[in-house]
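The structure appears right after this line, and notes come after that.
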Amino acid sequence: MTISAELQSISSQDGDGSVAKGIHREVIFPTSGAGIGLVNYQLTPDQSGALIIAGDATGSLFTLPSPVAGMQFEFIYTIAATSNEHKVITKIIASEFLIGSIISASETVAEGMDCFTANGSTHVSVSMNGTTTGGEVGTRLVFTGLSSTQWAVKGVNQGSGGAVTDPFDTT
């Protein structure tokens, strides 16, 4: 068996993505406008597989597309929100839900670790305020489509300022 040394293009690679030999992945790094503060960034199905790097102190707001089994988005937070919050929400909050768990730890409380679970029937977002609900530097979340109504979520959430509380929300 021979392994090709040629790069295979999966998307247009128009400068907004990242290509490395053997790895083809779009990188979304909002620097102004959509995805910053309270300005919504609506992810699209063709961005599935993307790495979203959220790095603005005014927070971030991302809306997932309607889930399709196997669709996936990964979020990494490089700056804690000091105003607003870092939030990822489903597209249709009346019928698209989160299921899964996030391990949360506090950098300021010894043994301040907990695991929070989304129930798959009422939780529609992960909201992190940069301190007690997490979203500190190094937080990593992965959302994977399970069906037309559910996103699986897993992640490690870093908080500060006390014990980290539940980042899952119903709004």
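The values are calculated or read from the model by the stated rules, or taken from the named source; none is laboratory data. Bear in mind the structure is a predicted one, so any value in this text is a computation, not a measurement. Here Cβ is always computed from backbone atoms with ideal geometry, including for glycine, and neighbour counts include all displayed protein chains. For accessibility, only protein heavy atoms count, side chains too; no ligands or nucleic acids. Shrake-Rupley method; radii C 1.70, N 1.55, O 1.52, S 1.80 Å.
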**OP:** Show the residue pairs that are 6+ apart or on different chains and have beta-carbon atoms under 8 Å apart, the first residue being within segment 128-145 and without any contact (Cβ under 8 Å) to a residue 24 or more places away in the chain, the second being surrounded by 22 or more Cβ atoms within 10 Å (Cβ to Cβ) and in a loop (DSSP other than H, G, I, E, B).
**Re:** none
Original post:
Conditions: (1) at pLDDT below 95; (2) open to solvent by less than 20 Å² (accessible area, probe 1.4 Å); (3) under 16 Å from ALA54 (Cα atoms); (4) not hydroxyl-bearing (Ser, Thr, Tyr). PHE143 meets all but one. Number of the miss?
Top reply: (1)
**OP:** From (1) within 16 Å of THR171 (Cβ to Cβ); (2) touching a strand residue (DSSP E or B) at 6+ places or on another chain (Cβ under 9 Å), pick out the condition that doesn't hold for ILE92.
**Re:** (2)
Original post:
Looking at ALA110, is it under 21 Å from PRO45 (Cα atoms) and surrounded by fewer than 14 Cβ atoms within 10 Å (Cβ to Cβ)?
Top reply: no
Original post:
Out of curiosity, is ASP169 farther than 19 Å from LEU61 by Cα and either surrounded by fewer than 21 Cβ atoms within 10 Å (Cβ to Cβ) or under 17 Å from the mean Cα position of the chain (by Cα) (or both)?
Top reply: no
Original post:
How about segment 48-125: which strands (runs of 3 or more DSSP E) wholly inside it have at least 3 residues that are more than 17 Å from VAL156 (Cα to Cα)?
Top reply: 60-63
**OP:** Could you please give the count of residues in segment 26-51 that are open to solvent by 70 Å² or more (accessible area, probe 1.4 Å) and either within 16 Å of LEU141 (Cα to Cα) or not polar (S, T, N, Q) (or both)?
**Re:** 5
Subject >> Of residues in segment 88-105 being among the polar types (S, T, N, Q) and either surrounded by 22 or more Cβ atoms within 10 Å (Cβ to Cβ) or within 17 Å of the chain's Cα centre (by Cα) (or both), the one farthest from PRO45 (Cα to Cα) >> reply: SER104
**OP:** For segment 62-85, enumerate the residues that are open to solvent by less than 50 Å² (accessible area, probe 1.4 Å), closer than 16 Å to GLN42 by Cα and either modelled with pLDDT under 95 or among the polar types (S, T, N, Q) (or both).
**Re:** THR63, SER66
Subject >> Within segment 126-159, considering residues that are touching a Ser or Thr at 6+ places or on another chain (Cβ under 6 Å) and outside any loop (DSSP other than H, G, I, E, B), the one farthest from PHE75 (Cα to Cα) >> reply: GLY159
Subject >> Yes/no for THR108 being of a type in the set (Ser, Thr, Tyr) and over 17 Å from the mean Cα position of the chain (by Cα) >> reply: yes
